[in-house]
Amino acid sequence: MSDPNYNPYDNVLQVVENAAQLLGYKPQDYEAIKYPERELQVSVPVTMADGTVHVFEGYRVQHSTSRGPAKGGIRYHWNVNKNEVRALAAWMTFKCAVVNIPYGGAKGGIVCDPTKLSKEELRVLTRRFTAMILPIIGPEKDIPAPDVGTNPEIMGWIMDTYSMMKGYAVPGVVTGKPVQIGGAPGRNEATGRGVMFTTKNILAKHGVDVKTVTVAVQGMGNVGSITAKLLAEEGATIVGVSDVSGGVACKDGLDIPAIIAHLKSGKLLESYGAPGVDHITNDELLKLDVQVLIPAALENQINMSNVNDIKAKFIVEAANGPTTVECDPILEKKGVILVPDILANAGGVVVSYFEWVQNIQSMAWDMEHNNSKLKEIMDRAFEEVFTIAQDKNVSLRTGAYLIAVKRVVEAKKSRGIWP
Ligand code: GLU
């Protein structure tokens, strides 16, 4: 399904260029934001359990620091590459801008399959990688967080490595940490929770009650599984979900807690079974006849090979970049309403922001506070994007970029180009 020549950074550039032109900016106003500010590539040697030395390829890319410190997750996946990390970093810049939190954008990644590494190998890899990117990260410079293939435990190792090298505890260097070392209660669920709020918001705008909809979720990692669980709790019928091994579907609705328990025990969906449940491929999942489709896996999933077969009326992008740029006009023509990634999945970085604010002030907020502030920010950003899209008669993606690009360009213009 994936095209080897696909470069997600080209996707970002096209969307940004389009928004900048609609905003009436001159090329010199936005030339600089077309390039990542800083890129670091590292070769990370690890002595493996069998005594061999494996050198892993790692990256940290800072796309922009115009609106604040660079911010974004670290991905552990075999498909990580420089153009992907660049695109993910740029999406962070525009995501932070659309929800109006004072950050730029960054992303990191290591080419590896974390499921094939022992815990000790993972720990050593993370610590060595942190040491190698240490010169460019820090609470006032660049703050990593979890992404695909990483989790709170790994963030804890990053916090400890950075702190050991500084000689004192620096919780604000990374977000998504375990709660006992300064993590924000609710951060782990925040991206999925934000996707749930956004899904309800877009349905409400079209007069659709969440209790009446059928939903398919591609990807049952942190974001997909929490989204599916929360939407099921809201009364939606989750008729299909998938992971790397494929999907499961049931027209009467899947038992999401049972599926999450199955996955938590270390098994894949291919071995899940229950009465009325069929096994399908990931591609079939995307083409299910549902009202809401939530891609919550990787980039480039809805592309020219399958866009014409998408039957959902609403697409809520929980993943970063799941739809290729040339699909947008096709979906629009089909009447599909798409809520873009930089808005839909911003809940994670919003609660990361709460975590960082608490860390640098040595404060602690509770889950209730974090969840209600998250809702406030997600609802406000949704309203702003929805309103501009209606006023200008453009898609929600274009609307989101009109807001985000304007905020980034205006910040850049206010600061000027140094010297
Ligand atoms: N990796 C997440 C994202 O793509 C979260 C980033 C963060 O919390 O900094 O938005």
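For the chain, modelled as a GNM whose springs connect Cα atoms under 10 angstrom apart, the maximal fluctuation among Phe56, Phe129, Phe386 occurs at Phe56.
Between Ser242, Ser362, Ser66, the Gaussian network model of the chain with springs among Cα atoms under 10 angstrom shows the greatest mean-square fluctuation at Ser362. Expressed in Å, the radius of gyration and Dmax of the Cα atoms of the range 124-268 are 18.5, 56.
Once the Cβ-Cβ distance of Lys251 and Asp209 is raised to the sixth power relative to R0 = 25 Å, the FRET efficiency obtained is 0.85. Its relative contact order, with pairs defined as Cα atoms under 8 Å and 6+ residues apart, puts the range 262-338 at 27 percent.
As an exercise, find the ratio Rg/Rh for the chain from alpha-carbon atoms, using the Kirkwood inverse-distance average for Rh. Ratio of gyration radius to Kirkwood radius for the chain: 0.95. Across the chain, Cα pairs under 8 Å and at least six residues apart give a relative contact order of 17 percent. Ordering His262, His54 from the fewest to the most neighbouring beta carbons within 10 Å gives His54, His262.
For the pairs Lys267/Lys287; Lys251/Lys375; Lys95/Lys166; Lys95/Lys373; Lys71/Lys267; Lys229/Lys373, note any where the Cα-Cα span goes beyond 28 Å. Cα-Cα > 28 Å for Lys251/Lys375; Lys95/Lys166; Lys71/Lys267; rest within. Spin-label pair Leu134-Lys375: with each label point 7 Å from Cα along the Cα-Cβ axis, the two points sit 4.3 nm from one another.
You can think of it this way: the chain between Asp309 and Asp29 has 96.9 nm of extra reach, that is 0.36 nm per residue less the Cα-Cα gap.
Since every read-out is calculated from the coordinates, none of them should be taken as a lab result. All figures in this text were calculated on a predicted structure; none of them were measured in a lab. Virtual Cβ from ideal backbone geometry, glycine too; neighbours counted across all protein chains shown.
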